[in-house]
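Working notes, beginning with the structure itself.
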Amino acid sequence: MPKKHRPTKSHAGAKYKDCYARRKVLCGRVVDLEFTSGDNFSLEQWFPVLGWKEYFLINVPYCVELVKEFYSNLLNVSGDCDNLEIKSKVSKSVIKFDDKLLGEILSVPAVGSRFFETKKWPEYPDLVLEDCLRVFYPNEPTNLLSAEHRLLHHIVATHVLPTSGGHEKMSYLDLYVMWHVVIRKPLNLPYLIMKNMLRASLKIDGALLYGMGITKTFSHFGILPGNEVTSRIDVRGVYNASSLKRMGWKRVFETDKGIVWLPKEGGRKRRVEEENVEEQSEPQRPRTTPASKHASSSNSLTLETILAEIKELKRNECFS
C-alpha cells in the first residue's frame with residue numbers, strides 16, 4: 001500500500017552513495033486538465049498539440065530509494081555532443097536510454113528544439129527575447145503574469161524543469177519553454193528532462209528530480225520496488241483550482257467573459273500592493289546591477305523597465 005514518504009535517519013543497506021541519503025526526491029506533479037478546460041484556460045489545447053498531455057497525467061507510485069540509486073550511478077555515455085544517452089545501474093540491472101526511448105516511456109515525442117541554457121538566451125535570429133516577453137506581458141502596466149501564464153510557469157518550474165530553488169524566479173530557460181508551449185512550437189521534452197537529470201546528479205546537494213517519471217522508466221526495464229514501500233503524491237501535488245487559490249487568485253464570474261481568475265483583494269489594480277503578502281512570489285528576471293536589484297524590490301516595474309534592464313544585462317555580458 002503506497003504511503004507518503006518520510007525520510008529515515010538510517011540508510012543501512014542502501015545502494016547509493018552516502019551523499020544522496022539526505023537529498024529529497026521531487027516526484028513531479030499532475031495537471032487537472034478538466035479544471036483548465038472548465039475555466040476557459042488554453043492549457044488543455046497547448047499540451048496535446050505538443051504531445052505532452054500524457055506526461056502531465058502520470059500519477060504512479062514512486063520509489064524514493066531506487067530513484068536515489070539511479071542518480072548515484074547516473075552517467076552520460078554518449079560520445080556525440082549533440083545527443084545524450086543516459087546509463088545507470090539500479091537493483092543490479094543496467095539501464096540505458098536516449099531521448100527517443102524516454103519519449104516512448106513517457107508517451108511524449110522526442111522532436112523539436114534541444115536548447116538547454118539557464119543563464120543566457122538562445123541566439124536565434126527569429127527568436128527575440130523582447131518579443132517573447134511581450135507574449136506574456138501584452139500591454140501590461142506592471143510586471144505581472146496573468147493567472148494562466150502564472151500557472152504555466154509553476155507547471156514548468158515544478159514538473160518540466162524542476163529545480164531545488166522552486167518557482168519564485170523565472171529563468172531564461174523557463175521563459176523559453178513557456179514560449180514554445182504558448183505558440184505551440186515543438187520542443188524536445190525528453191531531451192530537456194535528461195539534461196536536467198544530469199545537472200541534478202552533478203550537484204553536491206539539492207533535490208533529485210522526476211520521481212514518478214523515473215519510476216515509470218524502471219517499470220519499462222522490468223525493475224520492481226522489491227521490499228521498498230512506494231510513495232504517492234498528495235492532493236497538493238495536483239494542479240487545480242485550489243492551486244490558483246493558494247497562489248493568491250480568486251475565481252469570479254463576469255457576464256461578458258464567463259469565469260475569470262483575478263488577484264484577491266481588489267483585483268489587478270491592487271495586485272501590486274498585494275504582491276508582498278501572497279503565498280507565492282512573482283517570478284523575476286535575472287538582474288546584475290545594483291540599480292536593478294533596487295528596482296526588483298519594487299512591485300510596479302513596467303515592461304519598458306524590464307526591457308531596459310535586459311539590454312543593460314546584455315551590455316554587461318559583452319564586456320565580461
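Among the numbered conditions (1) modelled with pLDDT of 95 or more; (2) in contact with a Phe, Trp or Tyr (Cβ under 6 Å, 6 or more places away or on another chain); (3) not aliphatic (A, V, I, L, M), the only one that CYS27 does not meet is (1). Would you check if there is a residue in the stretch 217-230 being in contact with an Asp or Glu (Cβ under 6 Å, 6 or more places away or on another chain) and either free of Cβ contacts under 8 Å to residues at least 24 places away in the same chain or aliphatic (A, V, I, L, M) (or both)? Within the stretch 217-230 (the criterion being in contact with an Asp or Glu (Cβ under 6 Å, 6 or more places away or on another chain) and either free of Cβ contacts under 8 Å to residues at least 24 places away in the same chain or aliphatic (A, V, I, L, M) (or both)), the answer is no, since none of the residues qualifies.
Just one of the listed residues (PHE70, PHE56, PHE47) is buried (at least 19 other Cβ atoms within 10 Å of the Cβ), within 24 Å of LEU202 (Cβ to Cβ), among the aromatic types (Phe, Trp, Tyr) and in contact (Cβ under 8 Å) with a residue 60 or more places away in the chain, and it is PHE70. Look at (1) hydrophobic (A, V, I, L, M, F, W, C); (2) surrounded by fewer than 15 Cβ atoms within 10 Å (Cβ to Cβ); (3) outside any loop (DSSP other than H, G, I, E, B) and you find that LEU262 fails only one, number (2). A single entry from GLU275, GLU282 fulfils the requirement of being modelled with pLDDT under 50, more than 19 Å from the chain's Cα centre (by Cα), crowded, with 17+ Cβ neighbours inside 10 Å and acidic (Asp, Glu): GLU275. Residue count for the stretch 102-130 under the criterion of being in contact with a helix residue (DSSP H, G or I) (Cβ under 9 Å, 6 or more places away or on another chain) and either aromatic (Phe, Trp, Tyr) or assigned to a helix (DSSP H, G or I) (or both): the result is 10. Among residues that are touching a Leu at 6+ places or on another chain (Cβ under 6 Å), under 14 Å from MET197 (Cα atoms), surrounded by 17 or more Cβ atoms within 10 Å (Cβ to Cβ) and of a type outside the set (Gly, Ala, Ser), VAL25 is included.
Considering only residues that are among the charged types (D, E, K, R) and under 18 Å from the mean Cα position of the chain (by Cα), which ones fall in the stretch 100-129? Across the stretch 100-129, the qualifying residues are ARG114, GLU117, LYS119, LYS120. Against the numbered list (1) crowded, with 16+ Cβ neighbours inside 10 Å; (2) within 27 Å of GLY51 (Cα to Cα); (3) at pLDDT below 95, SER91 comes up short only at (2).
Does LEU101 satisfy being among the hydrophobic types (A, V, I, L, M, F, W, C), surrounded by 20 or more Cβ atoms within 10 Å (Cβ to Cβ) and at pLDDT 95 or above? The answer is no for LEU101. Evaluation of ASP82 against the conditions (1) closer than 26 Å to THR215 by Cα; (2) surrounded by fewer than 20 Cβ atoms within 10 Å (Cβ to Cβ) shows that the sole unmet condition is (1).
For the stretch 241-255, a residue qualifies if it is in a helix (DSSP H, G or I) and not charged (D, E, K, R), and the qualifying residues are ALA241, SER242, SER243, LEU244.
The values are calculated or read from the model by the stated rules, or taken from the named source; none is laboratory data. This is a predicted model, so every value here is computed, not measured. Glycine also receives a Cβ, built like all others from the backbone with ideal geometry; neighbour counts cover every protein chain displayed.
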